Amino acid sequence: METLQHDIVIVGGGAAGLRAAIAAAQASDALSIALVSKVYPMRSHTVSAEGGAGAALGPDDSPDLHAFDTIRGSDYLADQDAVEAFVAEAPGEIVQLERWGCPWSREPDGRIAVRAFGGMSVNRTAFAADKTGFHLLHTLFQTSLQFDRITRYDEFFVTKLLVEDGRCAGLAAIDLRDSEVRCIAAKAVILCTGGLGRIFAFTTNGSICTGDGMALAYRAGVPLKDMEFVQYHPTGLPGTGILMTEASRGEGGYLINNQGRRFLEGYIPGKMELGPRDILSRAIMQEIEKGHAFQGPYGEYVHLDIRHLGERTIDEKLPFVRELAEKFVGIDPVHEPIPVRPVVHYMMGGVDTDAMGKTRLEGLYAAGETACVSMNGANRLGSNSLTECLVFGARVGLQAARDALEAAVPAANPLAQLAEEEEQRLLSSYLDKRGGGERIAPIRTDLQRTMERGAGVYRTEESLKEAVEEVRGLAERFRDVAMDDRDRAFNTELVSALELGNMLDVAETVVVSALERRESRGSHTRRDHAERDDEHYLKHGLAFARPEGPRMEYADVSITRWPPAERKY
Amino acid sequence: MAERTISLKVARYRPEHRPDQYFDEFDIPYREDMVILDALNHIKDELDGSLSYRWSCRMGVCGSCGMMVNYKPRLTCSTFLREFYPKPIVVEPLENFPVVRDLVVDMTSFMQKLQSVKPWIIRHVDPPMEAGEYLQTPAEVEQYKGFSMCINCMLCYAACPVVGRDPDFLGPAVIALAHRYNMDSRDQGEAERQRAIAVDWGIWDCTFIGECSVVCPKDVDPAAAIQREKVAKTTNTMLSMLLPFGGHE
């Protein structure tokens with residue numbers, strides 16, 4: 001098999017991957033950079049981010065205040081050294097994107113405008129109306145097009161990291177166009193594949209968010225960190241799960257129950273609608289349990305009411321919310337409240353890295369939602385994730401560039417052999433496979449229901465133990481999967497099968513990590529262990545792959561200047 | 001009451017099995033709130049796993065799921081079955097592109113055209129980063145904002161008769177993107193970009209039929225962008241003839 005040689009190969013073309021590619025390209029014109037993605041970069045899920053990107057930009061703000069808000073929001077599980085690096089570099093990244101042409105919304109005098117967001121104590125969220133992710137992604141993608149040393153492999157699905165001599169030296173990927181397996185060798189491999197929301201039934205995430213990079217790293221022996229921390233966003237449209245941005249509340253919107261009350265008075269009166277997502281999602285679930293929610297065909301919901309903002313503000317600041325609500329539920333938010341319910345949105349956990357994006361496997365790096373640096377701890381604040389992609393994308397790109405300039409070229413021979421073995425595995429497991437009694441979709445649907453039921457907003461020992469057993473049963477069924485499609489040309493059933501394999505692996509780490517954390521912290525709420533327990537669990541959980549299921553280890557949290565305290569708002 | 005159903009005729013192309021395009025017909029359960037993409041997913045998940053198509057965000061912003069729906073280019077995630085029910089619906093790959101498989105078209109040439117117009121900020125002099133952001137008033141943002149909303153769904157290419165006749169035509173979305181940067185107060189690359197678009201296969205190829213702007217799901221109005229670039233190029237050319245030292249180029 002032919003080996004394609006690059007210095008750096010980046011997997012994933014969203015905000016983190018593109019930012020890493022540009023950083024590496026700018027670091028040295030001697031570097032050859034490959035950007036491999038299962039979709040064209042502008043299709044990446046960054047595109048769906050709406051509300052904005054947080055950074056201490058204003059005169060009333062400071063990096064320290066941003067750090068404190070982030071750490072308090074994380075329920076003190078964030079690594080404070082990573083948070084300090086993040087808040088220090090965040091403003092520079094917002095300005096960098098501005099220089100590259102991002103159409104940030106502006107103050108009348110021409111400066112970048114900032115808006116209020118949940119859990120942030122001052123206005124610090126830069127935004128491009130409510131299509132911030134879309135504009136950020138297209139700006140990064142278009143900017144990346146000027147660098148000839150970035151070679152794109154669009155619509156290539158990475159199936160395996162190639163590890164040789166204790167070092168990640170490349171990967172095997174399927175070219176979807178003809179299903180040929182390619183071997184790409186590199187001195188540095190960076191995973192930027194986004195989240196895993198699709199392991200849940202009800203999610204804001206696009207179909208491509210299947211935990212691919214996490215599964216790749218996990219199978220290569222790198223632990224997945226803090227996987228129990230799954231963020232429910234308080235406001236998704238029932239049925240589809242389409243996100244109604246937090247900016248709706250940042251601009252002044254209300255959450256209202258079926259009694260006509262702004263019920264957050266009873267939960268977080270100091271912050272109301274600008275509380276952090278974990279607390280607001282729990283509040284809505286409790287309103288549902290009290291019978292204070294509306295009934296609909298897709299479950300109970302509450303109202304997000306932005307009518308009082310007026311048509312002008314809505315059209316200027318929240319045009320996408322109006323467009324989405326009108327198109328998908330037939331409601332004009334200028335005149336009617338929007339039905340919303342908590343929806344799986346973001347993964348705080350991910351591939352264990354240090355603050356430069358390095359994993360413990362030499363040659364392997366990660367950034368963005370795929371990675372767990374950890375700056376989000378047990379609960380991420382809204383608008384920190386786009387900035388995280390920029391800051392840690394740039395950091396990992398630079399770090400990989402430095403390392404690649406010093407590293408030796410990996411030998412093509414053992415690598416090509418590894419890729420050929422991978423090709424044989426793919427053929428015998430899928431494309432040339434005969435027989436099999438299971439279809440892909442029912443396994444996937446069962447997995448999504450299992451996760452929602454067992455590892456949702458509220459969890460118990462029992463629900464999680466059941467979920468662990470069910471996920472393992474589904475993995476067993478998956479081994480007997482049958483393929484309808486054996487074509488080589490753009491075989492999306494093969495992609496679905498590979499994605500489902502990834503989803504099952506990462507789902508198991510979520511439920512096992514959640515089972516083993518017998519406390520409530522941030523987004524992880526145990527009915528049977530309702531309190532935070534710093535004595536035993538002020539720790540990161542690390543899930544290591546084993547054939548019989550993940551083995552858990554625990555690591556200390558980095559605490560620099562903000563001693564853990566009660567999380568009060 | 002019996003479950004309501006709707007019939008979908010879906011274009012298939014599986015070059016490893018037969019050389020031509022053909023149609024498969026599927027009857028699927030109908031609900032008022034289903035979009036075309038839900039119907040395709042129902043087919044793939046329940047009836048025929050071999051059907052291939054692209055999709056991701058299902059909220060009309062990633063641009064993956066453009067197809068011909070009853071002979072018109074549409075985003076399938078944002079097009080409801082109820083618009084057609086109870087009549088059958090024909091789903092085909094986007095017009096004016098080579099087909100790779102079933103509903104998947106080849107975007108290679110589109111991506112090359114996109115890159116060819118230099119869609120990035122071009123500056124003669126770049127102030128140091130410490131100088132902070134370029135100031136840009138809300139009115140200056142408005143100058144280009146509309147043209148920055150393109151999601152690269154390529155519906156305008158499927159609708160454009162010129163693209164159908166001349167596959168080399170840069171096309172509506174790409175010229176609109178060039179115009180977006182030309183209209184950006186931070187950019188100084190208009191002359192370079194005009195060299196890429198003021199060519200026979202660029203703005204002069206457009207005969208102003210305007211279908212691109214009709215089908216655009218994001219109201220980008222590429223037809224207006226092309227006309228404005230024609231005017232800008234003509235003005236610049238005349239200025240450079242009248243004022244050899246003061247013209248744009």
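Is it fair to say A:Gly541 is assigned to a loop (DSSP other than H, G, I, E, B) and not β-branched (Val, Ile, Thr)?
no
Could you list, in sequence order, the residues of the stretch B:51-76 that are surrounded by fewer than 20 Cβ atoms within 10 Å (Cβ to Cβ) and of a type in the set (S, T, N, Q)?
Within the stretch B:51-76, B:Asn70 is the sole residue that qualifies.
Within the stretch A:424-451, count every residue that is over 29 Å from the mean Cα position of the chain (by Cα) and of a type in the set (Asp, Glu).
2
Taking A:Asp534 as the residue in question, decide whether it is surrounded by fewer than 19 Cβ atoms within 10 Å (Cβ to Cβ) and assigned by TED's automatic domain parsing to the domain that holds A:Glu452.
Taking the combined requirement at face value, the residue satisfies it.
Go over the candidates B:Val104, B:Val91 one by one and state the one that is in contact (Cβ under 8 Å) with a residue 12 or more places away in the chain, crowded, with 21+ Cβ neighbours inside 10 Å, β-branched (Val, Ile, Thr) and more than 10 Å from chain A (Cβ to nearest Cβ).
Within the list B:Val104, B:Val91, the selection yields B:Val91.
Could you list, in sequence order, all residues of the stretch A:314-343 that are within 13 Å of chain B (Cβ to nearest Cβ), more than 19 Å from B:Ile151 (Cβ to Cβ), in a helix (DSSP H, G or I) and of a type in the set (Val, Ile, Thr)?
Residue satisfying the conditions is A:Val329 alone.
Considering only residues that are within 13 Å of chain B (Cβ to nearest Cβ) and assigned to a loop (DSSP other than H, G, I, E, B), look in the stretch A:35-57 and name the one that is farthest from the chain's Cα centre (by Cα).
My answer is A:Leu57.
Identify all residues within the stretch A:112-148 that are part of a loop (DSSP other than H, G, I, E, B), facing chain B (nearest Cβ under 9 Å) and under 19 Å from the mean Cα position of the chain (by Cα); write none if there are none.
A:Lys131
Among (1) out of contact with any His (no Cβ under 9 Å at 6 or more places or on another chain); (2) more than 28 Å from B:Ile197 (Cα to Cα), which single condition is B:Ser116 missing?
Among (1) out of contact with any His (no Cβ under 9 Å at 6 or more places or on another chain); (2) more than 28 Å from B:Ile197 (Cα to Cα), B:Ser116 violates only (2).
Among (1) within 11 Å of chain A (Cβ to nearest Cβ); (2) under 30 Å from A:Pro103 (Cα atoms); (3) surrounded by fewer than 16 Cβ atoms within 10 Å (Cβ to Cβ), where does B:Thr79 come up short?
Among (1) within 11 Å of chain A (Cβ to nearest Cβ); (2) under 30 Å from A:Pro103 (Cα atoms); (3) surrounded by fewer than 16 Cβ atoms within 10 Å (Cβ to Cβ), the lone unmet condition for B:Thr79 is (3).
May I ask you to verify whether A:Pro223 is touching a strand residue (DSSP E or B) at 6+ places or on another chain (Cβ under 6 Å), modelled with pLDDT of 95 or more and under 21 Å from A:Lys131 (Cβ atoms)?
no
Could you look through the stretch A:359-413, keep only residues that are buried (at least 24 other Cβ atoms within 10 Å of the Cβ) and in a strand (DSSP E or B), and pick out the one that is farthest from the chain's Cα centre (by Cα)?
In this case the residue turns out to be A:Leu364.
Does the stretch B:1-47 hold any residues that are without any contact (Cβ under 8 Å) to a residue 40 or more places away in the chain, among the aliphatic types (A, V, I, L, M) and surrounded by 17 or more Cβ atoms within 10 Å (Cβ to Cβ), and which are they?
Passing the criteria: B:Ile28, B:Ile43.
Look through A:Arg262, A:Arg198 and report the one residue that is over 30 Å from A:Leu415 (Cβ atoms), charged (D, E, K, R) and within 16 Å of the chain's Cα centre (by Cα).
The conditions single out A:Arg198.
Return the residues of the stretch B:110-121 that are facing chain A (nearest Cβ under 9 Å) and either out of contact with any helix residue (DSSP H, G or I) (no Cβ under 6 Å at 6 or more places or on another chain) or in a helix (DSSP H, G or I) (or both); say none if nothing qualifies.
Within the stretch B:110-121, B:Met111, B:Leu114, B:Gln115, B:Ile121 qualify.
For the stretch A:499-526, enumerate the residues that are within 14 Å of another protein chain (Cβ to nearest Cβ) and either buried (at least 24 other Cβ atoms within 10 Å of the Cβ) or within 23 Å of A:Asp352 (Cβ to Cβ) (or both).
Within the stretch A:499-526, A:Glu499 is the sole residue that qualifies.
Filter the stretch A:164-180 down to the residues that are of a type outside the set (Ser, Thr, Tyr) and surrounded by fewer than 22 Cβ atoms within 10 Å (Cβ to Cβ) and list them by number.
A:Glu164, A:Asp165, A:Gly166, A:Arg167, A:Asp175, A:Arg177, A:Asp178, A:Glu180
If we scan the stretch B:182-189, do we find a residue that is part of a helix (DSSP H, G or I) and surrounded by 14 or more Cβ atoms within 10 Å (Cβ to Cβ)?
So far as the stretch B:182-189 goes, yes, one or more of its residues are part of a helix (DSSP H, G or I) and surrounded by 14 or more Cβ atoms within 10 Å (Cβ to Cβ).
For the stretch A:459-474, state whether one or more residues are assigned to a strand (DSSP E or B) and either away from chain B (no Cβ under 14 Å) or polar (S, T, N, Q) (or both).
Within the stretch A:459-474, one or more residues are assigned to a strand (DSSP E or B) and either away from chain B (no Cβ under 14 Å) or polar (S, T, N, Q) (or both).
Every residue, every condition in (1) closer than 20 Å to B:Phe110 by Cα; (2) modelled with pLDDT of 95 or more; (3) over 19 Å from the mean Cα position of the chain (by Cα); (4) not in a helix (DSSP H, G or I), yes or no:
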site: B:Trp201; (1), (2), (3), (4): yes, yes, no, yes
site: B:Cys212; (1), (2), (3), (4): yes, yes, no, no
site: B:Thr234; (1), (2), (3), (4): no, no, yes, no
site: B:Glu249; (1), (2), (3), (4): no, no, yes, yes
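Take B:Tyr85 and decide whether it is out of contact with any helix residue (DSSP H, G or I) (no Cβ under 8 Å at 6 or more places or on another chain), surrounded by 14 or more Cβ atoms within 10 Å (Cβ to Cβ) and not acidic (Asp, Glu).
yes
For the stretch B:128-154, name all the residues that are at positive phi, at the interface with another protein chain (Cβ under 8 Å from one of its Cβ atoms) and touching a Gly at 6+ places or on another chain (Cβ under 9 Å).
B:Asn152
Take A:Ser496 and tell me if it is assigned to a helix (DSSP H, G or I) and without any contact (Cβ under 8 Å) to a residue 12 or more places away in the chain.
Considered against the rule, which asks whether it is assigned to a helix (DSSP H, G or I) and without any contact (Cβ under 8 Å) to a residue 12 or more places away in the chain, A:Ser496 comes out as no.
Within the stretch B:21-70, track down each residue that is small (Gly, Ala, Ser) and over 27 Å from the mean Cα position of the chain (by Cα).
B:Gly49
How many residues does the stretch A:190-240 hold that are closer than 28 Å to A:Val9 by Cβ and of a type in the set (Val, Ile, Thr)?
Counting residues in the stretch A:190-240 that are closer than 28 Å to A:Val9 by Cβ and of a type in the set (Val, Ile, Thr) gives 6.
So the check is Cβ under 7 Å with 6+ separation or different chains; which pairs have a first residue in the stretch B:182-199 that's within 13 Å of chain A (Cβ to nearest Cβ) and a second one that's basic (Lys, Arg) and surrounded by fewer than 19 Cβ atoms within 10 Å (Cβ to Cβ)?
Final answer for the pair search is B:Gln188/B:Arg123.
Looking at (1) surrounded by 13 or more Cβ atoms within 10 Å (Cβ to Cβ); (2) out of contact with any Pro (no Cβ under 6 Å at 6 or more places or on another chain), find the lone condition where B:Asp200 falls short.
Every condition holds for B:Asp200 apart from (1).
Could you check A:Glu89 against (1) within 14 Å of chain B (Cβ to nearest Cβ); (2) surrounded by 22 or more Cβ atoms within 10 Å (Cβ to Cβ); (3) within 30 Å of A:Leu538 (Cα to Cα) and say which number it fails?
The failed condition is (2).
The values are calculated or read from the model by the stated rules, or taken from the named source; none is laboratory data. Bear in mind the structure is a predicted one, so any value in this text is a computation, not a measurement. With ideal geometry, Cβ positions are generated from the backbone for all residues, glycine too; neighbour counts draw on all protein chains shown.
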